[in-house]
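Structure, as C-alpha cells:
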Amino acid sequence: MDQTTLGIGTRLQHTQFGQGVITGVKYATYLITFIHHGTKEIDKNDSNLDEIIEDNVTTEIETSSEVEKSLLKILQMWGGITEKVALGDRWQKGIMSLQPFDKSLKPKEIPIEDFFHKIVMLRDRLRVLEQNINSNKKLSDEEKVNLQQYITRCYGSLTTFNVLFKNKEDWFVGDKSGKED
C-alpha cells in the first residue's frame, strides 16, 4: 500500500496506538488522532500504519458514533482548506546553501522548495494559533490583544522570506507602524 498519498479523514490502524483518523497532512508526516492516544505526528512511511479499508473493517469500527461521523464529514468538507502557495518562479528547483564562517566545515545545501514548505507551514501554524487565541473563552480581551501583538511581531520577523513567494497576497505582513523590536 502506498501510504504517502493518504488524505484527511482516512482511517488507519497503528500497531502501537490503535485506530485513528488522519486530521492533518504534512510533507513527510501525518497528524493522526487516535481514539485512545490523542493526536500524534507519524511518519508517512511508518510500517506500523495500515489503512482501514472495507476488506479489513471490523463490526466495531463500522459502528461509529455520531461525533465521529460529524468529524469525518467536517474533515471531508474542509480537507482541501490547506491553501496552495506558489514559490516564485526564479526559485523553482533552486538550492539554498548555508556556509559556515569556518571554511573547513562543510556547507549545508537544502532544496528551496523544502525550505519554502517549512516557511508556509510556520505561517499556517501562526494563523491557527491566532484563531485559537481569538476563540479562547478564558482569555480576557486585553490578554488576547497582548498575545496578538506577539504574533504580529512574528509575522514582521518573517517578512524577509517574502522574496520567496510568487504572489504578493501570500506575503507575511507585520506591524505597519514602522517600529521594530
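Side notes on the structure shown:
- Across the cross-link table entries K44/K103; K108/K166; K26/K108, which are compared at the Cα atoms, the separations over 28 Å belong to K44/K103.
- Segment 79-138: C-alpha gyration tensor shape, a/c 1.5 cut-off, then a/b vs b/c: oblate
- Protection proxy ranking of 17-26, 102-111 - average other beta-carbon atoms within 10 Å, highest first: 17-26, 102-111
- Using θ = phi - 60° in the Karplus curve 6.51 cos²θ - 1.76 cosθ + 1.60, the 3J(HN,Hα) couplings for segment 36-51 round to 10, 10, x, 8, 10, 9, 10, 4, 4, 9, 4, 6, 7, 8, 9, 5 Hz; x is entered for Gly and Pro.
Computed from the coordinates by the stated procedures, all read-outs in this text should not be read as laboratory data. Predicted model only: the values in this text are computed from it and were never measured. Cβ: placed from backbone, ideal geometry, glycine included. Neighbour counts: every protein chain shown.
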